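The values are calculated or read from the model by the stated rules, or taken from the named source; none is laboratory data. This structure is a prediction, so every number in the text was calculated from the model and none was measured. Here the Cβ is made from the backbone with ideal geometry for all residues, glycine too, and neighbour counts use every protein chain on show.
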Amino acid sequence: MGPELALAAAPVPAHVTVQQLRDRIRGMQDGVPRLPVATPSALADLVELRTGGSYQVDSASLVMALLAGPSQQGAWTAVVGVDDFGVEAAAERGVDLSRTVLVPDAGDLWLEVTTALIDVVTLVVLRPPAVVDHRVAGRVAARLRKRSAVLVVWGQWPGAEASLSLRGSTWAGIAQGRGRLRTRRVVVDVRRGSAPSRCTALWLPGEDSPVAPVADTAPLEEALA
């Protein structure tokens, strides 16, 4: 299992906790420069993760798919506020746990912890514990641009560049009551502002990769059956 950082339960001044977090992560990085963000190729036609941007998703599957791209390129990532994050599933989806910082419960310090991680890792996943207003989102956006990082929010986020959601899924792998679930065909819906949404059918996960395009030409509606 990769490094896991959990904030102490006892009250600790925010500036002390955040500084300790920064120092420890910098020590783990061993001077390796921040790497570019890699978008899974199967999703690249719909959305491209850009440094300085924030993106919202609605499922653990999409979280892991977006983590896997940068992780496989050797970038550092972090997950904040997801106390039920499945590390075994993440590893199977291609997430390098040795370069993933987990903060399962940041409590009232979630914003300070998130911005501290933005300072030192390439991609931060956040599940906010409360509704986020535009003022807070604007502060985070400024930090993302300054540090050339990416924020993936599991939930709602004001001003997100794009919203990714799953519209349906069908598992494959079990035949006549035998076998095991191996892959899942899904429809991913991507929305940008007021523009019409765009959809694609993907294997999530694929047979040999975290995300793979559906090769056949069946209509997308069939994936929702």
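Does the stretch 161-183 contain at least one residue that is surrounded by fewer than 13 Cβ atoms within 10 Å (Cβ to Cβ), modelled with pLDDT of 80 or more and not small (Gly, Ala, Ser)? Give the derivation first.
Start the filter on the stretch 161-183 by keeping residues that are surrounded by fewer than 13 Cβ atoms within 10 Å (Cβ to Cβ), which leaves 171, 173-181.
Those left that are additionally modelled with pLDDT of 80 or more: none.
Scanning the stretch 161-183, I find no residue that is surrounded by fewer than 13 Cβ atoms within 10 Å (Cβ to Cβ), modelled with pLDDT of 80 or more and not small (Gly, Ala, Ser), so the answer is no.
Residues that are hydrophobic (A, V, I, L, M, F, W, C), touching a strand residue (DSSP E or B) at 6+ places or on another chain (Cβ under 6 Å) and either at pLDDT 90 or above or under 25 Å from Ser169 (Cα atoms) (or both): does the stretch 80-98 have at least one? Give the derivation first.
So the first thing to find is which residues in the stretch 80-98 are hydrophobic (A, V, I, L, M, F, W, C), and the list is 80, 82, 85, 87, 89-91, 95, 97.
Now narrow it down to the ones that are touching a strand residue (DSSP E or B) at 6+ places or on another chain (Cβ under 6 Å): 80, 85.
From the residues that got through so far, the ones that are either at pLDDT 90 or above or under 25 Å from Ser169 (Cα atoms) (or both) too are 80, 85.
Within the stretch 80-98, one or more residues are hydrophobic (A, V, I, L, M, F, W, C), touching a strand residue (DSSP E or B) at 6+ places or on another chain (Cβ under 6 Å) and either at pLDDT 90 or above or under 25 Å from Ser169 (Cα atoms) (or both).
Taking the stated definitions as given, is Pro158 surrounded by fewer than 20 Cβ atoms within 10 Å (Cβ to Cβ), in contact with a helix residue (DSSP H, G or I) (Cβ under 8 Å, 6 or more places away or on another chain), at pLDDT 65 or above and under 30 Å from Leu111 (Cβ atoms)? Don't jump to the end; show me each part of the working.
Values: surrounded by fewer than 20 Cβ atoms within 10 Å (Cβ to Cβ): yes; in contact with a helix residue (DSSP H, G or I) (Cβ under 8 Å, 6 or more places away or on another chain): yes; at pLDDT 65 or above: yes; under 30 Å from Leu111 (Cβ atoms): yes.
Yes: the conditions hold for Pro158.
Taking the stretch 96-144 as the region of interest, how many residues are assigned to a loop (DSSP other than H, G, I, E, B) and in contact (Cβ under 8 Å) with a residue 60 or more places away in the chain?
Initial filter on the stretch 96-144 (assigned to a loop (DSSP other than H, G, I, E, B)): 96, 104-106, 121-122, 127-133.
Filter again for in contact (Cβ under 8 Å) with a residue 60 or more places away in the chain, leaving 96, 104-106, 121-122.
Residues meeting the conditions: 6.
Of the conditions (1) within 19 Å of Glu161 (Cβ to Cβ); (2) without any contact (Cβ under 8 Å) to a residue 40 or more places away in the chain; (3) buried (at least 19 other Cβ atoms within 10 Å of the Cβ), Leu67 satisfies every one except a single condition; which number is it?
(2)
Just name the residue that is farthest from the chain's Cα centre (by Cα) out of those in the stretch 66-95 that are assigned to a helix (DSSP H, G or I) and within 18 Å of Leu144 (Cα to Cα). Spell out the reasoning first.
Taking the stretch 66-95 and keeping what is assigned to a helix (DSSP H, G or I), we get 66-72, 87-92.
Filter again for within 18 Å of Leu144 (Cα to Cα), leaving 66-67, 70.
Working: Leu66: 5, Leu67: 5, Pro70: 10 Å.
Here the residue is Pro70.
Residues in the stretch 126-148 that are surrounded by 15 or more Cβ atoms within 10 Å (Cβ to Cβ) and either among the aromatic types (Phe, Trp, Tyr) or on the phi > 0 side of the Ramachandran plot (or both): how many? It would help to see each step written out before you state the result.
Here is the first cut: in the stretch 126-148, the residues surrounded by 15 or more Cβ atoms within 10 Å (Cβ to Cβ) are 126-129, 132, 136-137, 140-141, 143-144, 147.
Within this subset, residues satisfying the condition of being either among the aromatic types (Phe, Trp, Tyr) or on the phi > 0 side of the Ramachandran plot (or both) are none.
The qualifying residues number 0.
Of all residues being in a loop (DSSP other than H, G, I, E, B) and at pLDDT below 95 in the stretch 145-155, which is nearest to the chain's Cα centre (by Cα)? Just the residue, please. Step through it out loud before you land on a result.
Kept after step one, since they are in a loop (DSSP other than H, G, I, E, B), are these residues of the stretch 145-155: 148-149, 155.
Within this subset, residues satisfying the condition of being at pLDDT below 95 are 148-149.
On the way: Ser148: 16, Ala149: 12 Å.
So the residue we want is Ala149.
Checking Val120 against (1) in contact with a helix residue (DSSP H, G or I) (Cβ under 6 Å, 6 or more places away or on another chain); (2) under 15 Å from Val153 (Cβ atoms), which test does it fail?
Failed condition: (2).
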